[in-house]
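Taking it in order: structure first as structure tokens, then the write-up.
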Amino acid sequence: NAGVTQTPKFQVLKTGQSMTLQCAQDMNHNSMYWYRQDPGMGLRLIYYSASEGTTDKGEVPNGYNVSRLNKREFSLRLESAAPSQTSVYFCASLLAGRNTEAFFGQGTRLTVV
Amino acid sequence: AQSVTQLGSHVSVSEGALVLLRCNYSSSVPPYLFWYVQYPNQGLQLLLKYTTGATLVKGINGFEAEFKKSETSFHLTKPSAHMSDAAEYFCAVNTGFQKLVFGTGTRLLVSP
């Protein structure tokens with residue numbers, strides 16, 4: 001079982017460059033999430049999609065955009081990367097309901113120089 | 001807004017000692033609470049969850065947590081630490097409308 005797949009695993013960008021982080025899940029989950037993880041700050045929610053066709057801002061949405069392409073795929077776009085966006089990014093998915101667990105990808109380590 | 005607070009960014013124990021990782025929640029509705037574990041260079045995986053019913057919840061690897069409404073707490077415990085328990089642990093709450101919010105994490109260090 002693939003679960004949640006993120007690409008790429010590592011990326012180095014120059015300030016001002018753009019890129020899209022890809023996420024796909026094969027569990028027929030309804031909800032998908034993007035988090036960033038920084039030392040001492042835990043996981044902070046960037047955007048989430050409660051169901052196909054909807055997206056909502058999380059705690060730290062500035063500088064990011066998302067697309068829920070279909071039920072399987074949820075991408076995160078950095079239009080003009082900044083050093084403050086250096087982080088580890090995790091995608092997660094969840095079946096439905098408040099009582100179900102989220103499944104995580106392996107993460108994308110992004111460095112902006 | 002619903003949230004969780006984890007007390008202590010680092011906890012150090014000796015192998016065989018009790019593990020106690022603290023999580024307090026803030027919620028205006030009955031909370032749905034989770035503990036996740038993250039091993040180095042990996043994603044997060046579920047340890048256990050509290051939804052409704054029994055307040056003492058057992059999870060994988062010998063961990064358990066007790067939901068205490070009066071204290072707004074959901075602390076994670078394990079009677080005897082193993083070296084393999086060294087990891088970062090996250091408490092989380094599903095706030096409703098499928099918004100899943102995490103605490104800042106606690107790194108567990110286990111010494112021989």
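The values are calculated or read from the model by the stated rules, or taken from the named source; none is laboratory data. Here the structure is a predicted model, which means the values were calculated and not measured. Note that each Cβ is placed from the backbone with ideal geometry, even for glycine, and that neighbours are counted across all protein chains shown. Just so you know, the surface numbers come from the protein's heavy atoms only, side chains and all, with ligands and any DNA or RNA stripped out. Shrake-Rupley method; radii C 1.70, N 1.55, O 1.52, S 1.80 Å.
Taking the residues in segment B:15-55 that are open to solvent by 60 Å² or more (accessible area, probe 1.4 Å) and modelled with pLDDT of 95 or more as candidates, determine which candidate is nearest to A:Arg36 (Cα to Cα).
Only one residue tops the list, namely B:Arg22.
When segment B:37-49 is examined, which residues are found to be more than 9 Å from chain A (Cβ to nearest Cβ) and within 13 Å of the chain's Cα centre (by Cα)?
Residues satisfying the conditions are B:Val37, B:Leu47, B:Leu48.
Need a quick list: strands (runs of 3 or more DSSP E) entirely within segment B:1-94 having at least 3 residues that are touching a residue at least 60 places away in the same chain (Cβ under 8 Å). Before the answer, list the steps.
Numbers: elements: B:3-7, B:10-14, B:19-26, B:32-38, B:44-50, B:56-58, B:64-68, B:73-78, B:87-94.
Correct list: B:3-7, B:10-14, B:19-26, B:32-38, B:87-94.
Within segment B:98-109, can one find any residue that is open to solvent by less than 70 Å² (accessible area, probe 1.4 Å), at pLDDT 95 or above and in a strand (DSSP E or B)?
Checked against the condition, which is being open to solvent by less than 70 Å² (accessible area, probe 1.4 Å), at pLDDT 95 or above and in a strand (DSSP E or B), segment B:98-109 yields at least one hit.
B:His75 is checked against (1) at pLDDT 95 or above; (2) at the interface with chain A (Cβ under 9 Å from one of its Cβ atoms) and fails just one. What number does that condition carry?
(2)
Filter segment A:59-103 down to the residues that are under 14 Å from A:His29 (Cβ atoms), open to solvent by 20 Å² or more (accessible area, probe 1.4 Å) and not in a loop (DSSP other than H, G, I, E, B) and list them by number.
Those that are under 14 Å from A:His29 (Cβ atoms), open to solvent by 20 Å² or more (accessible area, probe 1.4 Å) and not in a loop (DSSP other than H, G, I, E, B): A:Arg68, A:Glu73, A:Phe103.
Looking at segment A:31-49, which of its residues are open to solvent by less than 10 Å² (accessible area, probe 1.4 Å) and over 18 Å from A:Asn99 (Cα atoms)?
A:Trp34, A:Tyr35, A:Gly42, A:Leu43, A:Leu45, A:Ile46
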